[in-house]
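What follows draws every value from the coordinates through simple rules; no lab data is involved. What you see is a predicted model; the values in this text were computed from it and never measured. Note that we place each Cβ from the backbone using ideal geometry, even for glycine, and neighbour counts take in every protein chain shown.
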Amino acid sequence: MTQCVVCESHAVDNYKKIDNVAFYTCRGCGSLFADPGFLRAMEEDSASNYNDAYWKMELCAARERSYGSSLQRVAETFFYCRLPITRFVDIGSGPGYLLDALAAALPDAANMFFGVELFPPESAFRSKHPNYKLCPLAEIGQKFEAGVCIEVIEHLTPSMLDTLAKQIAQTSAPGAIYLINSGQPEYVLTEDPGYLDPHGRGHVMSYSIEAVRLIFEPHGFTIIPLPGRHWAFLVEYQSEFITKEPIEQLEARIWSPVPENVATLRDGGGGPLMYCAGLDTARCYLEHATVIQRTAWARSLQAEIDRLELERVNGVSTNELPLEMDRSIDHAGLLGRARRWVQRHTS
């Protein structure tokens, strides 16, 4: 019987076959994963997917990401970090083009950025940035306050990802934060059904938030979901900022960023473009998620009002109010007071 490769649950269902590789979905942690035997074979020959054919297909996409969306991911990470960033790492940097893009966008800060890659393309296609390193992260000899890991973990088996999480912890300053970009199961199921691609792009896993908690938390990380995105999340090492809900926590970080990080993005010779890109990127997703969440809250509140009105019309009086609304979308402040007002005046 197939067992989940992340949480070891036996509550596993067939998902579908992709390029003659069976994929499964776990009802325990929610992950999508390739056949365990296929994953074991990968671990025995981990470099086999990164041949010339792979890089011929991937180089163009890597350049497009590096000079586009990946710059946005870096910029917003500067807002999320609660430490002054002096060293920033691109984990699984591929050809290293993100370092080149950052050197162009933030020329005064180019030396703070590092990239590590284990399976690079041929030397002619690699970045010439001095901080582009062909080694495991644990061997880079630096401590980082922040970083990104973009389109990497879907290539890694759970044991490989566990090793990477351990290395990130070893090279992190306390409070360091990393944005990890990878398609989660909801993204695969609802937005990009072609994301899993075992032989072409080497995408063999779609980790859920619960799955990454199981892997990263034992190494000292806190997982911070990014509301409105099923393809990215944050991990913070030895976090001291875990008491608030994700939306409240991210709002506080976005609107009260560390001054040194603002200066890096805004005040250099490249102008304020990266500052604007980071702020607007973080805001647009978060505010969209907030609208969806509060709309759901308002609808649940209306449903409760309708139920209580029906009870009143039918002459039913209750001293205790059954709570049918989802606690996960309950709100403090104005919305919480509104909810209590409804309870008080309709019961």
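Numbers below:
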{"item": "Cα radius of gyration and Dmax for the stretch 93-145 (Å)", "result": "10.9, 31"}
{"item": "Computed over the stretch 160-305, Kirkwood Rh from alpha-carbon pairs, angstrom", "result": "17.5"}
{"item": "Likely footprinting exposure, 305, 140, fewest C-beta neighbours within 10 Å first", "result": "305, 140"}
{"item": "Net lengthening on full extension, residue 299/residue 263 (0.36 nm per residue, minus Cα-Cα)", "result": "8.8 nm"}
{"item": "Cα-based convex hull volume of the stretch 1-65 per residue, rounded to whole Å³", "result": "118"}
{"item": "Centroid-to-centroid separation of the stretch 8-53 and the stretch 72-135 [C-alpha atoms, Å]", "result": "29"}
{"item": "Cubic angstrom per residue, convex hull over Cα atoms of the stretch 46-271", "result": "117"}
{"item": "Degrees, to the nearest 10: 52-66 long Cα axis against longest axis of the chain", "result": "60"}
{"item": "Top positive-direction residue, dipole computed over the chain with Cβ charges, set 136, 249, 23", "result": "249"}
{"item": "Neighbour-count ranking [beta-carbon atoms within 10 angstrom, fewest first] of 45, 90", "result": "45, 90"}
{"item": "About the Cα centre, charge dipole magnitude for the chain (Lys/Arg +1, Asp/Glu -1 at Cβ), debye", "result": "660"}
{"item": "Ranked by how many other beta carbons lie within 10 Å on average, peptides 28-38, 11-21 from highest", "result": "28-38, 11-21"}
